[in-house]
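Okay, so here's the structure we're looking at.
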Amino acid sequence: MTEEIRKGLAGVVVDYTAVSKVNPDTNSLLYRGYPVQELAANCTFEQVAYLLWNGELPTDAELAAFEQAERSQRALDPAVKRIIDELPLTAHPMDVLRTAVSVVGALDPSWNDSSPEGNLAKSVTLLAKIPAMVAYDQRRRRGQDLVEPDASLGFSANFLNMTFGSVPSDVVVDAFDVSMILYAEHSFNASTFTARVVTSTLADLYSAVVAAIGALKGPLHGGANEAVMHVFDEIGSADRAEAWLDDALASKRKIMGFGHRVYKNGDSRVPTMKTALDTLIEEYDRPDLLALYTALDETMQARKNIKPNLDYPSGPAYHLMGFDTEMFTPLFVAARITGWTAHIMEQLASNALIRPLSEYNGPEERHLAG
Ligand code: ACO
């Protein structure tokens, strides 16, 4: 009997999760019950990471201990630096990051400790170390030296300082922190599901994270924030947006930064990220970029009525902050490491091997001649 095939697992509910709730009907996203907009307005990324992992926001004492653990592990391990240095500049930063995270796992003598405490400790380690890897990769591509971490700075200020060699204005730090919060978690998206599939085999946390980085790289998922900026570069200016879009749609191109598998009436994270982008547009005095952003969005609504997703405002935001376009998806990793690892721990807490079925449509049984 032919089973119903659900291509792309569209609409299939495969498990429970208490980490986040995406509600496409109300365009809302809750992390452990809290609306993401409220968290972005009132919390730091560190508080949100703690919430995702522990289920509750930290008390002052819990936050202080958590920050101390994160801040003390930010340095780039010399072995990881050496391996990054070996990789050619033709390598995509997502491939560099995937390799570097894999090295951190191989260097960890307790890689196989998958207890809740062991995995929580590994999660904090990766949260602390991924910015150092991304920042150093950005710097070496510009012929610049490593900047050591500064334990007196919060996560986002330190990340930006390690990337650019100075802490930018509060407007920039706040916009970056908001982007980290918005990117932190989004239920059973492709990369998180990948992490859960790997975890379901009882492979270790690092293996699951490395696989998730691979899944995030694709332009239909995390790679879209990079692709959005390429689109902006290709269009050039607002007055060219309409003609460009008509050509692109006529040739059946998918327009990066628009559309979503779950949200069909707008991504709940976009208004918050757009507000952050607006502060950056003002800070860097770039009304031309805003005009292009608006022209492409308005034309897309008029032609297809397909709404922008989070990658649409975050791409130009990271551009204004000064990141090279190919670094944008690694920034997504720096945030999503929190969601991935929360799901890895949740998967292990009530594990079942994830192993779907397929309907065979190849040749009928046949036999070798003679
Ligand atoms: N550009 C043009 N057409 C689109 C787009 C788009 N960005 N998104 C959807 N459509 C069209 C589809 O071609 C389809 O048209 P059809 O019915 O004529 O074939 C229709 O809208 C319905 O789309 P689906 O294919 O059902 O959408 P699906 O859920 O499979 O895809 C996806 C979602 C992959 C995100 C898609 O919208 C897309 O490719 N977007 C561009 C990539 C992107 O921005 N990804 C980021 C995702 S969000 C994130 O990772 C933070």
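Details
- Verdict on K307 being of a type outside the set (A, V, I, L, M), within 16 Å of the ligand (Cβ to nearest atom) and either closer than 16 Å to D174 by Cα or more than 20 Å from the chain's Cα centre (by Cα) (or both): no
- Matching helices (runs of 4 or more DSSP H) fully within the range 13-86 where at least 3 residues are of a type in the set (G, A, S) and in the same structural domain as G339 (by TED's automatic domain parsing): 60-71
- Failed condition for A250, given (1) under 18 Å from the mean Cα position of the chain (by Cα); (2) farther than 17 Å from I130 by Cβ: (1)
- No other residue among D278, D285, D267 is more than 8 Å from the ligand (Cβ to nearest atom), among the acidic types (D, E) and not in a helix (DSSP H, G or I) apart from D285.
- Among the residues of the range 288-320, those that are among the polar types (S, T, N, Q) and in a helix (DSSP H, G or I) comprise T294, T299, Q301, S314.
- Of all residues in the range 196-208, one or more are touching a Leu at 6+ places or on another chain (Cβ under 7 Å) and within 30 Å of S268 (Cβ to Cβ).
- For the range 19-34, a residue qualifies if it is of a type outside the set (G, A, S) and surrounded by 16 or more Cβ atoms within 10 Å (Cβ to Cβ), and the qualifying residues are V19, V22, P24, N27, L29, L30, Y31, R32, Y34.
Yes/no per residue for (1) assigned to a helix (DSSP H, G or I); (2) out of contact with any strand residue (DSSP E or B) (no Cβ under 8 Å at 6 or more places or on another chain):
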site	(1), (2)
P168	no, yes
V172	yes, yes
A175	yes, yes
S179	yes, yes
E185	no, no
F188	no, yes
T194	yes, yes
V198	yes, yes
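- Residue identified as more than 16 Å from the ligand (Cβ to nearest atom), of a type outside the set (S, T, N, Q) and either assigned to a helix (DSSP H, G or I) or in contact (Cβ under 8 Å) with a residue 12 or more places away in the chain (or both) among F328, F323: F323
- Among the residues of this structure, P219 counts as one that is in contact with a helix residue (DSSP H, G or I) (Cβ under 7 Å, 6 or more places away or on another chain), within 16 Å of the ligand (Cβ to nearest atom) and part of a loop (DSSP other than H, G, I, E, B).
- Which listed residue, of A208, A190, A132, is under 30 Å from T279 (Cβ atoms) and modelled with pLDDT of 95 or more: A132
- Summed over the range 172-216, the residues that are acidic (D, E) and either within 16 Å of the ligand (Cβ to nearest atom) or assigned by TED's automatic domain parsing to the domain that holds H260 (or both) give a count of 1.
The values are calculated or read from the model by the stated rules, or taken from the named source; none is laboratory data. What you see is a predicted model; the values in this text were computed from it and never measured. Every residue, glycine among them, receives a Cβ derived from its backbone with ideal geometry; neighbour counts consider all protein chains shown.
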